[in-house]
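Okay, so here's the structure we're looking at.
Where a number appears in this text, it was derived from the coordinates with a stated rule and is not lab data. Note that the structure is predicted; figures quoted are calculated from it, not measured. Every residue, glycine as well, gets a Cβ built from its backbone with ideal geometry; the counts of neighbours run over all protein chains shown.
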Ligand code: SAH
Ligand code: SF4
């Protein structure tokens, strides 16, 4: 299977051009065709020689994704189900924000972190996406605009789709550099956010990359007891180790970290837990931010439900009282399968049935009745 040319940074493309006996400026031309004119085939690169086009066709494809489903929500959110060259499915979401057009990209087919509230984690990781497959998601959303309203442009990226980005580290880093390239899509690093479930050693590595990309950490609980129940990654990298890495990240980058916190009714949303969260983040108060996220119910994870508005308000008020910077995140696309991984897992009915059986077996083993809170 030929790789996508979207996976090459400008430097890598220049090297390829030189290695293939072509002049350096050809790389600039190809780059502009890809990211400025946004053509979908090498044949459309009309200022290249026939032999170079043949070489390109021999080595790469342009776009490795096929669009399978597009769902548009009333609020303008668009959800895409894409098929990879090996037939696997991924999803991408476009969110219209007041500050611009934000795209949520997938980085892995499935996710091995297996958080107990997440639809993506229902299906184990089948493989990492290549950089080209991640860039292609942005290019296809941009194509969607190009075909409708040429003035619109993808201005923001959140790496919050299916998968754990720091578990596909090199491909994600390469992707970030490609979309950030000022001669290409030129999406500002400050407009890009990478979200992690908390791979502490990788957070430290990320701090030293010299990119100005924002980091979000899926915290979701103020102590190890609750967090380990929700996210088994916490057993590997408990809160102490995670915060040590976050403090290191802040010391190295002087950048602010966002904490994501899904509000789960009577699991992590009590006022005492808000106080614990405020205490936990006290040391990095000025350089941290808390996003309170409404839970998107996932039928397999019926032990969780959305916090009541009263509980959200009380939680928020307690954080504010402690001087925590926080917001309740706005929801997008609630009338479509917009929760992370939902469109894909709803499409993959067989895999989902297997996941259901796995969860039922795990619950039975742990002596938990269906629908009971854990
Ligand atoms: N694996 C990374 C990034 C992808 S998940 C991570 O976990 O951070 C992106 C965000 O969506 C995470 O904060 C995750 O906890 C959250 N999320 C997952 N399932 C959700 C659900 N059903 N409702 C609301 N948020 C969810
Ligand atoms: Fe994976 Fe993130 Fe979902 Fe956890 S929340 S299972 S890390 S995608």
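Could you work out the percent of alpha carbon pairs in the chain separated by over 36 Å, rounded to a whole number? Don't jump to the answer; show the numbers that get you there.
Values: 17033 of 69751 pairs.
In whole percent, the long-distance tail amounts to 24.
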Acute angle (nearest 10 degrees) that the helix 50-59 long axis makes with the longest principal axis of the chain, alpha-carbon atoms: 30
For helix 131-148, report the angle its Cα long axis makes with the longest principal axis of the Cα atoms of the chain; keep it between 0 and 90° and round to the nearest 10°. 80
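Rank the residues 193, 253, 308 as a footprinting-exposure proxy: fewest other Cβ atoms within 10 Å of their Cβ go first. Mind showing how you got there, number by number?
Details: 193 17, 253 20, 308 13.
Listing 193, 253, 308 from fewest to most nearby Cβ atoms yields 308, 193, 253.
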The range 239-338: antiparallel bridges as % of DSSP beta bridges, rounded to 5, reads 10
Taking Cα atoms, the helix 309-321 axis meets the longest principal axis of the chain at an angle in degrees (rounded to 10) of 90
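For 271, 324, 141, which order do you get if you count the other beta carbons within 10 Å of each Cβ and list the fewest first?
Working: 271 14, 324 19, 141 24.
Taking fewest neighbouring Cβ atoms as first place, the list is 271, 324, 141.
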Only helical DSSP H runs with n ≥ 4 go in: add -39500 (n - 2.57) per run for the chain, normalise by residue count and round the 222 nm mean residue ellipticity to 500 deg cm²/dmol. -11000 deg cm²/dmol
Could you work out how much longer the chain between residue 248 and residue 279 gets when fully extended? Use 0.36 nm per residue separation minus the Cα distance between them, nm to one decimal. 9.3 nm
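Hey, any idea what the orientation-averaged projected area of the convex hull of the range 12-80's Cα atoms comes to, in nm²? Working shown, then result.
Numbers: hull surface 23.7 nm².
That works out to 5.9 nm².
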Over the range 63-129, one equal point on each Cα, no solvent: what is log10 I(q)/I(0) by the Debye formula at q = 0.12, 0.27 Å⁻¹? -0.36, -1.16
Just to confirm my numbers, what's the Cα centroid distance between the range 1-32 and the range 174-242 in Å? 30
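Based on DSSP, what percent of beta bridges with both residues in the chain are antiparallel, to the nearest 5? Kindly include the intermediate steps, with their values, before the conclusion.
Working: 20 of 46 bridges.
Here the share of antiparallel DSSP bridges comes out near 45 percent.
Sorted from fewest to most neighbouring beta carbons within 10 Å, what does the list 123, 250 look like? Write out the running numbers ahead of the final one.
Numbers: 123 23, 250 19.
Arranged by neighbour count, lowest to highest, 123, 250 become 250, 123.
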